[in-house]
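A short worksheet on the structure shown next.
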Amino acid sequence: MDETDRPRLHPATIAAHAGGATDLATAGVVPAVHVATTFGRDEEYRKMQGDNMYLRYHNENTRIAEQVLSKLEGARETLLFPSGMAATAALFRALETGTRVLVQSQIYWGTTQWIRKFCERRGIGLEEVEASDPAALEAACKEHRPALVWVETPSNPWLRITDVARAAEICHGVGALLVVDSTAASPVLSQPLSLGADIVMHSATKGINGHSDVLAGALSTNDPQDQIWQEIVEDRGSAGAVLGPFEAWLLTRGMRTLPLRIREMSRNAQALAEFLADHPQVEQVFYPGLPDHPGHEVAARQMAEGFGCLLSLVVRGGVEAALNVAGRLQLFHRATSLGGVESLVEHRHTIEPHTGIPEGLLRLSVGIEDAGDLIADLGQALGQ
Ligand code: PLP
């Protein structure tokens, strides 16, 4: 049966079958790892296998992982990079000096920090705006006429929700591209391209890989002929920012269980958020799955099957109380990052002390452990 004749498959099926990838040489049901850095030519000096020439331009394992991710994201093309920040950097490198960009405020600190330095160095005008507020986004777009708008939803660690469809309408109204960092949602919960975004970025280090053992980043688009995309493709090959074959192979393996993991993590995170919302030692919980979260309605509309693994809470008593709670937790690793099968806790104020993060804020990445065990651990750590 031709692929186009088949009924459209659901994400769980696409993922479990790694988008149909098998090892053609052995008929193995999983692809092999292809580590060659260079590829032969025939007697006429023609490339012998597709475009294969040199590993820096591309490789088979990365192609497979990109195809799986494109199918899950509903994208026509995906490019994989050696980290999420490498993907972000590749996109910003494609901007011309003298242009202007609008970036959501209070997003992942590493992104903010890097963009600020890069824009200053490269003479790109940078404005920061709370993009989860559509009125503020619209006013900033009209005032600054940016070439590109960068939003992150849900945002890390504040869990703010940006209405992607509304943001796309606003951005396109002033001729700006909308780029969405959808790391905390993953392609299972949200597909920003279908809501009008132009490019989606993921730190694939997080939920997409899901096992805390691969560093990777992705950009996806539905408009691969667009000039900025063409420049990113060219730059990735010539600047050497392609994901290596073994990491791509691991990523493909991780993606086989992506829908399963994300659904379970979201279910666990919802249960933990509800438990924490009623806890006397907890001042505030940030989780879009809670009905009183300001972004709940939008999140329920643009996220399917759950609200993700990321949640933040503010412990009563400030920095000392929060660090004591983190120190008493036994099932949560005290470590940065998110989206792995194991639960993590992080005191963000220690990492970014001067950014307005509440001193008592703990960010949790909820894994796939038993929800009852995680709740019991949080209960004992909070001193219930
Ligand atoms: N975007 C978000 C929302 C993140 O949380 C992170 C990392 O924590 C990144 C981007 C950067 O990704 P990487 O660490 O893979 O470079």
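Listed values, structure above:
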quantity	calculated
Of the trypsin sites (Lys or Arg not before Pro) in the stretch 5-70, those whose Cβ has at most 16 other Cβ within 10 Å and which sit in DSSP loop	Arg8, Arg46, Arg56
The stretch 7-255 - accessible surface per residue (Å², probe 1.4 Å)	43
Qualifying trypsin sites (Lys or Arg not before Pro) for the stretch 318-384 [loop in DSSP, other Cβ within 10 Å: at most 15]	none
Exposure of Ser337 as accessible area (Å², to 10), given a probe of 1.4 Å and all protein chains	30
GluC sites (Glu not before Pro) within the stretch 90-130: DSSP coil, no more than 13 neighbouring Cβ in 10 Å	Glu96
Rounded Å value of the spacing that divides the Cα centres of the stretch 67-108 and the stretch 138-185	13
Spin-label proximity, Arg301 to the stretch 180-218 - amide N less than 16 Å from point 7 Å beyond Cα toward beta carbon	190-197
Choice from Leu276, Leu24, Leu178 with maximal GNM fluctuation in the chain (Cα, 10 Å cutoff)	Leu24
Top of Gly210, Gly84, Gly237 by mean-square fluctuation, Gaussian network on the chain, Cα under 10 Å	Gly237
Accessible area of the stretch 204-302 belonging to carbon and sulfur atoms, whole % at 1.4 Å probe	50
Percent of Cα pairs exceeding the 41 Å cut-off, where the set is the chain	14
Most fluctuating residue given options Leu329, Leu338, Leu159, as computed from a GNM of the chain linking Cα atoms under 10 Å	Leu329
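The values are calculated or read from the model by the stated rules, or taken from the named source; none is laboratory data. The structure displayed is predicted, hence computed values, not measured ones. Heads up, the Cβs are rebuilt from the backbone with ideal geometry, glycines too, and the neighbour counts pull from every protein chain shown. These accessible areas exclude ligands, DNA and RNA; they are computed on the full protein's heavy atoms, side chains included. Shrake-Rupley method; radii C 1.70, N 1.55, O 1.52, S 1.80 Å.
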